[in-house]
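Shown next, in structure tokens, is the structure this report addresses.
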Amino acid sequence: MELRQPTSNGMAIDEYSRRVGLKPYALDYLKKLKESGIKVGVATGLPKVLYEPVLKNNGVYDLFDAFTSTDEVDRGKTFPDVFLLAAKKLGLEPHECVAFEDVPEGVKSAKQAGMTVCGVHDKYSESFRADIEKIADGYLLNFSEVPKL
């Protein structure tokens with residue numbers, strides 16, 4: 001029997017497959033969007049091997065109409081490319097999209113893409129909340145009350 005050390009990629013896959021959850025009320029909000037016929041997409045810096053398991057594990061994968069990763073564009077999420085491609089995959093113009101972001105770089109990039117942006121509270125980016133609120137068009141602590149944008 002051969003013992004193998006898990007790779008960092010394997011550990012990340014395990015973490016995203018089993019432990020990463022949704023933000024409060026996100027499932028209900030996604031269901032409401034889907035029931036209303038609103039197209040919903042993912043624009044992420046994660047590769048498919050990480051975003052797909054977390055979405056499936058949380059039962060929301062099938063609520064999305066399109067998936068876009070920075071693996072599909074030339075530049076990372078500090079540039080608007082992934083947001084522009086996400087809008088294209090949804091068949092929308094960027095100004096028709098609302099991006100929900102929890103890090104300042106993502107907020108800036110989505111704004112550069114021409115989207116309306118709602119900052120989302122995250123304990124890991126709490127220290128950047130003021131920066132996010134300055135750039136974003138709105139801010140929410142959870143998805144129970146999404147602001148009108």
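Miscellaneous remarks
- Number of residues in segment 101-117 that are within 25 Å of G21 (Cβ to Cβ) and either surrounded by fewer than 22 Cβ atoms within 10 Å (Cβ to Cβ) or among the small types (G, A, S) (or both) equals 7.
- In the set T68, T78, only one residue is surrounded by 15 or more Cβ atoms within 10 Å (Cβ to Cβ) and part of a loop (DSSP other than H, G, I, E, B); that residue is T78.
- Flag if D62 is at pLDDT 95 or above, under 23 Å from N142 (Cβ atoms), over 13 Å from the mean Cα position of the chain (by Cα) and loosely packed, with under 15 Cβ neighbours inside 10 Å: yes
The values are calculated or read from the model by the stated rules, or taken from the named source; none is laboratory data. The shown structure was predicted, so the numbers you read here are calculated from the model rather than taken from an experiment. Ideal geometry is used to build each Cβ from the backbone, glycine not excepted, and the neighbour counts take in all protein chains shown.
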